[in-house]
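Here the structure is laid out as structure tokens; the discussion comes afterwards.
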Amino acid sequence: MADRHVDVLAKFWPVLSLILGLAVIVALAQLGPISIERMVIKALIMMIVVIGLYTFIGNSGLLSFGHSTFMVVSAYMSAWLTMPVIRKKIMLPDIWSGFGQMEMHVLPGALLAGLLSAFLALIVGIPLMRLSGIVAAIGTFAVFTIVTVVYNQWDSYTKGASTLIGLPTYVDLWTAFGFVAGALVIAHLYDQSKFGLSLRASRDDLVAAKAAGVNVVRQRLIAFVISAFITGIGGVLYVHFTATITQANLLYLNLTFITIVMLMVGGMRSLFGAVAGVVAISIVTEGLRAAEKPVGVSGLGELGLAVFMLVILAIRPSGIAGGKDIPLPAFLRRRG
Amino acid sequence: MIFLQYAIDALSVGGLYALAALGIGLIFGIMRLVNFAHGDLLMMGCYAMFMLAAAIWPVTILGGVVIAILVAVITERIAFRPLRSADPTILLAASFAVSFFLQNFVLMIMGGRALGVDIVPALNQHIVWDSLSISVLNLFTIALSVILMGGLSLFLARTRIGIHMRAASEDVRMARMLGVRVNLVVATAFAISGLLAGAAAIVVLGKTGLVLPTMGLRLTLIAFVAVIVGGMGSLTGAVIGGYAVGILEVVLGGLLPLVILPYREALIFTVVLLFLLFRPGGIIRVAALKERV
């Protein structure tokens, strides 16, 4: 009986250890000043997006430049569902009355918004998942462009190029942590499932996997949908943290780049890598920002960050985590 | 007449895109790097021209092109050479980092506001002939792109290093064993991509008259699409892809009613998406890129 407990613990160790580690960080951040708290919340939200990216990119070996689509789509959906009715009357007077009179609780709002992204991923994924490598990346990017152009023009629902303000803010440290934990569990369960295994098999050897009966397109599609759901929720939290949605200044395109770099720096072949990349880049970003103040030249921090990314990619091409999970402690190892 | 007007517009926009696509396609062919920092070479060239705007125009233009070439060669030496054997995804992430560096470097020195400049006033003239009004810049763009493309194909066909370059893009390991100096070849390819970016910079700056740290991004993305549509790894494909996207843009701009015009970008990418779904290998398929079993 005890052995079985140990087995289950060992199976979930990669995700448990990450959750415990993050819990410590969050608890410590709570003691710190508000600026640290906000920085950690932001990093946790980015982490959800990167976990979403990992679920698809890490397991399939395909690249996606289009995951910000899911952030945008879910963010607006959540705004339509959860903004206070009075605010909606002012900001979006011409919205469909169903949305206009609705004031959903934020949690089902976030989940529904995530589901919308999952659904979108299913529709666009059916054709896209047949493509390979860099072509798939451009395909997802095309979807991103189409969706953002349409949302930018859709004034009555999105305020177009200007900013939609007045979203309910509910993302504090532990909320963000809770969502990260949820994302980690989903991603890990998928990793361990036969679907995750089949997809990784197709990543490592496409021809052999096909010969062994793996339906590659279907497996990619499953990962794409799950990953869209997670990323979409990340997008929801992002806008409910800042209380605003804007598409100005290439915000979502830049988010695409930075999250991909985070995943590569951490290591795209393990969940630990996804988490480590976000933690490393966030710490370096904030550290450099603090360090550039006494020097008095703003902008040095960003340059330092770019150099840091290049150095990591050069000396550790498989990322900080190197494709591994946090090693199992001795008391969980199977004896004999 | 209206047709001729459109044709000139399309050829000039297409020429610009073809130049950018060639720069990206050349590097991809040799080292499987999708260089997202290509547009930032153009941006650096534009800023150099902005700073040299007070000089006589040949100095301004030459200065911009030289800076673009220098930046290209330096990024290769410092950022991409240590990663030569890395996975294409890692190379791509590295080029994001390079792009991020260059943009923030300019942001730090010049600030983030758009700055106006008029490098060669003569380019802004229009030649009016009957009902036609042709901008000198458009003619200049067409000529420039044709000359550079011709020059590049001569270079690749006739010179020793050009032939080495083609060999390396077929099979780098084999080429190295046969005595091709890969470092020199790759550095030359980057210099050429810098030259192409510098030439594109003249056109872009002549057209918009504005410099911005993020100005290179759109061209990078369009060129990237052009390369994929044309067929990755084929330079002819990159040129065809560039013209195809440019022509599509001008035709849609001319035909669409005003209401739909804001959606032009979305339509272009819809066409690209459909194209990729039906012909994922691009217009020209390259045998060297097919995975062997």
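Would you check if there is a residue in the range A:11-23 being outside any loop (DSSP other than H, G, I, E, B), within 26 Å of A:Ile230 (Cα to Cα) and at pLDDT below 85?
Taking the range A:11-23 first, the residues outside any loop (DSSP other than H, G, I, E, B) are A:11-23.
Still in the list and also within 26 Å of A:Ile230 (Cα to Cα): A:11-23.
Checking which are at pLDDT below 85 leaves us with A:11.
Looking through the range A:11-23, at least one residue is outside any loop (DSSP other than H, G, I, E, B), within 26 Å of A:Ile230 (Cα to Cα) and at pLDDT below 85.
Being touching a residue at least 60 places away in the same chain (Cβ under 8 Å) and touching a Leu at 6+ places or on another chain (Cβ under 6 Å) is the filter here, so list the residues in the range A:275-298 that pass it. Give the steps one after another, and end with the answer.
At the first step, the residues of the range A:275-298 found to be touching a residue at least 60 places away in the same chain (Cβ under 8 Å) are A:275, A:277-279, A:282, A:286.
Listed by number, the residues that qualify are A:Val275, A:Gly277.
What are the residues in the range A:161-175 that are touching a strand residue (DSSP E or B) at 6+ places or on another chain (Cβ under 8 Å) and either exposed (fewer than 13 other Cβ atoms within 10 Å of the Cβ) or among the polar types (S, T, N, Q) (or both), if any?
Passing the criteria: only A:Thr163.
Out of the range A:128-179, which residues are more than 8 Å from chain B (Cβ to nearest Cβ), assigned to a helix (DSSP H, G or I) and at pLDDT below 85?
A:Asp155, A:Ser156
Among B:Ile134, B:Ile119, which is touching a residue at least 40 places away in the same chain (Cβ under 8 Å) and either assigned to a strand (DSSP E or B) or within 14 Å of another protein chain (Cβ to nearest Cβ) (or both)? Quick ask: steps written out before the conclusion?
On the way: B:Ile119 fails: either assigned to a strand (DSSP E or B) or within 14 Å of another protein chain (Cβ to nearest Cβ) (or both).
Of B:Ile134, B:Ile119, the one residue that is touching a residue at least 40 places away in the same chain (Cβ under 8 Å) and either assigned to a strand (DSSP E or B) or within 14 Å of another protein chain (Cβ to nearest Cβ) (or both) is B:Ile134.
Looking at B:Leu267, is it of a type outside the set (S, T, N, Q), over 17 Å from the mean Cα position of the chain (by Cα), surrounded by fewer than 17 Cβ atoms within 10 Å (Cβ to Cβ) and over 27 Å from B:Gln125 (Cα atoms)? So that I can check it myself, show each step before the final result.
Details: of a type outside the set (S, T, N, Q): yes; over 17 Å from the mean Cα position of the chain (by Cα): yes; surrounded by fewer than 17 Cβ atoms within 10 Å (Cβ to Cβ): no; over 27 Å from B:Gln125 (Cα atoms): yes.
Considered against the rule, which asks whether it is of a type outside the set (S, T, N, Q), over 17 Å from the mean Cα position of the chain (by Cα), surrounded by fewer than 17 Cβ atoms within 10 Å (Cβ to Cβ) and over 27 Å from B:Gln125 (Cα atoms), B:Leu267 comes out as no.
Tally time: how many residues in the range B:1-57 are closer than 15 Å to B:Ala72 by Cβ and small (Gly, Ala, Ser)?
7
Tally time: how many residues in the range B:243-256 are away from every other protein chain (no Cβ under 14 Å) and either surrounded by fewer than 18 Cβ atoms within 10 Å (Cβ to Cβ) or within 23 Å of A:Ser132 (Cβ to Cβ) (or both)?
Of the residues in the range B:243-256, the ones away from every other protein chain (no Cβ under 14 Å) are B:243-244, B:246-247, B:250-251, B:253-255.
If we keep only those that are either surrounded by fewer than 18 Cβ atoms within 10 Å (Cβ to Cβ) or within 23 Å of A:Ser132 (Cβ to Cβ) (or both) as well, we get B:244, B:251, B:253-255.
Final tally of qualifying residues: 5.
What is the number of the single condition among (1) part of a helix (DSSP H, G or I); (2) within 14 Å of chain A (Cβ to nearest Cβ); (3) exposed (fewer than 15 other Cβ atoms within 10 Å of the Cβ) that B:Gly151 does not meet?
Result: B:Gly151 fails condition (2) only.
Quick check on A:Arg289: is it within 13 Å of another protein chain (Cβ to nearest Cβ), part of a helix (DSSP H, G or I) and not acidic (Asp, Glu)? Quick ask: steps written out before the conclusion?
Values: within 13 Å of another protein chain (Cβ to nearest Cβ): yes; part of a helix (DSSP H, G or I): yes; not acidic (Asp, Glu): yes.
The answer is yes for A:Arg289.
Being more than 10 Å from chain A (Cβ to nearest Cβ), part of a helix (DSSP H, G or I), out of contact with any His (no Cβ under 8 Å at 6 or more places or on another chain) and closer than 15 Å to B:Met44 by Cα is true for just one of B:Val98, B:Val106, B:Val73. Which residue is that? Explain how you work it out, then say what you get.
On the way: B:Val98 fails: more than 10 Å from chain A (Cβ to nearest Cβ); B:Val106 fails: more than 10 Å from chain A (Cβ to nearest Cβ).
The match here is B:Val73.
Just to be sure before I move on: is B:Gly216 at positive phi and crowded, with 19+ Cβ neighbours inside 10 Å in the structure I sent? Talk me through it step by step, then tell me what you get.
On the way: at positive phi: no; crowded, with 19+ Cβ neighbours inside 10 Å: yes.
Considered against the rule, which asks whether it is at positive phi and crowded, with 19+ Cβ neighbours inside 10 Å, B:Gly216 comes out as no.
Out of B:Leu62, B:Leu42, report the one residue that is at pLDDT 90 or above, under 15 Å from the mean Cα position of the chain (by Cα), under 24 Å from B:Gly151 (Cβ atoms) and part of a helix (DSSP H, G or I). Quick ask: steps written out before the conclusion?
On the way: B:Leu62 fails: under 15 Å from the mean Cα position of the chain (by Cα).
Checking each option against the conditions leaves just B:Leu42.
Report whether or not A:Leu253 is within 13 Å of chain B (Cβ to nearest Cβ) and either modelled with pLDDT under 95 or surrounded by 20 or more Cβ atoms within 10 Å (Cβ to Cβ) (or both).
Details: within 13 Å of chain B (Cβ to nearest Cβ): yes; either modelled with pLDDT under 95 or surrounded by 20 or more Cβ atoms within 10 Å (Cβ to Cβ) (or both): yes.
In short, yes.
I need the helices (runs of 4 or more DSSP H) fully contained in the range A:43-106, keeping only those with at least 2 residues that are within 14 Å of another protein chain (Cβ to nearest Cβ) and within 14 Å of the chain's Cα centre (by Cα).
Details: elements: A:68-82, A:85-91, A:97-100.
Per the criteria, A:68-82.
A quick yes/no check of all residues on (1) within 14 Å of another protein chain (Cβ to nearest Cβ); (2) crowded, with 24+ Cβ neighbours inside 10 Å; (3) touching a Cys at 6+ places or on another chain (Cβ under 8 Å):
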{"site": "B:Tyr17", "(1), (2), (3)": "no, yes, no"}
{"site": "B:Ile56", "(1), (2), (3)": "no, no, no"}
{"site": "B:Ala68", "(1), (2), (3)": "no, yes, no"}
{"site": "B:Pro82", "(1), (2), (3)": "yes, no, no"}
{"site": "B:Ala94", "(1), (2), (3)": "yes, yes, no"}
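Every residue in the range A:1-20 that is within 19 Å of A:Ile48 (Cα to Cα) and exposed (fewer than 14 other Cβ atoms within 10 Å of the Cβ), please.
Result: A:Leu20, single match.
Go through A:Val147, A:Val180, A:Val185, A:Val143 for me and flag whichever is surrounded by fewer than 19 Cβ atoms within 10 Å (Cβ to Cβ), touching a residue at least 24 places away in the same chain (Cβ under 8 Å), of a type in the set (Val, Ile, Thr) and under 21 Å from A:Leu53 (Cβ atoms). Before you say what the answer is, go through the steps one by one.
Values: A:Val147 fails: surrounded by fewer than 19 Cβ atoms within 10 Å (Cβ to Cβ); A:Val180 fails: surrounded by fewer than 19 Cβ atoms within 10 Å (Cβ to Cβ); A:Val143 fails: surrounded by fewer than 19 Cβ atoms within 10 Å (Cβ to Cβ).
Checking each option against the conditions leaves just A:Val185.
Taking the stated definitions as given, is A:Ile123 crowded, with 22+ Cβ neighbours inside 10 Å and either within 14 Å of another protein chain (Cβ to nearest Cβ) or within 26 Å of B:Ala226 (Cβ to Cβ) (or both)? Walk me through it before giving the result.
Working: crowded, with 22+ Cβ neighbours inside 10 Å: no; either within 14 Å of another protein chain (Cβ to nearest Cβ) or within 26 Å of B:Ala226 (Cβ to Cβ) (or both): yes.
So A:Ile123 fails the test.
Looking only at the range B:222-242, filter to residues that are aliphatic (A, V, I, L, M) and over 21 Å from A:Ile146 (Cβ atoms); which one of those is nearest to the other protein chains (Cβ to nearest Cβ)?
Taking the range B:222-242 and keeping what is aliphatic (A, V, I, L, M), we get B:222-223, B:225-229, B:232, B:235, B:238-240.
Checking the rest, the ones that are also over 21 Å from A:Ile146 (Cβ atoms) come to B:232, B:235, B:238-240.
Working: B:Met232: 7, B:Leu235: 17, B:Ala238: 14, B:Val239: 18, B:Ile240: 16 Å.
Only one residue tops the list, namely B:Met232.
What residue, of A:Val214, A:Val225, is over 12 Å from the mean Cα position of the chain (by Cα), farther than 30 Å from A:Phe308 by Cβ, among the β-branched types (Val, Ile, Thr) and part of a helix (DSSP H, G or I)? Break it down stepwise before answering.
Details: A:Val214 fails: part of a helix (DSSP H, G or I).
The unique qualifying residue is A:Val225.
Looking at (1) under 21 Å from B:Leu152 (Cβ atoms); (2) more than 14 Å from every other protein chain (Cβ to nearest Cβ); (3) of a type in the set (Phe, Trp, Tyr), which is the one condition that is false for B:Tyr47?
Failing condition for B:Tyr47: (1).
Tell me the residue from A:Val307, A:Val261, A:Val311, A:Val278 that is within 11 Å of chain B (Cβ to nearest Cβ), surrounded by 20 or more Cβ atoms within 10 Å (Cβ to Cβ) and in a helix (DSSP H, G or I), please.
Details: A:Val307 fails: surrounded by 20 or more Cβ atoms within 10 Å (Cβ to Cβ); A:Val311 fails: surrounded by 20 or more Cβ atoms within 10 Å (Cβ to Cβ); A:Val278 fails: within 11 Å of chain B (Cβ to nearest Cβ).
The match here is A:Val261.
Determine if the range B:96-108 includes at least one residue that is buried (at least 22 other Cβ atoms within 10 Å of the Cβ) and polar (S, T, N, Q).
Yes, the range B:96-108 contains a residue that is buried (at least 22 other Cβ atoms within 10 Å of the Cβ) and polar (S, T, N, Q).
Looking at (1) in contact with a helix residue (DSSP H, G or I) (Cβ under 8 Å, 6 or more places away or on another chain); (2) within 30 Å of A:Tyr157 (Cα to Cα), which one does A:Ile90 not meet, given that it meets all the others?
Condition (1) is where A:Ile90 drops out.
The values are calculated or read from the model by the stated rules, or taken from the named source; none is laboratory data. All figures in this text were calculated on a predicted structure; none of them were measured in a lab. Cβ coordinates were reconstructed from backbone atoms using ideal geometry, including for glycine residues, and neighbour counts include every protein chain displayed.
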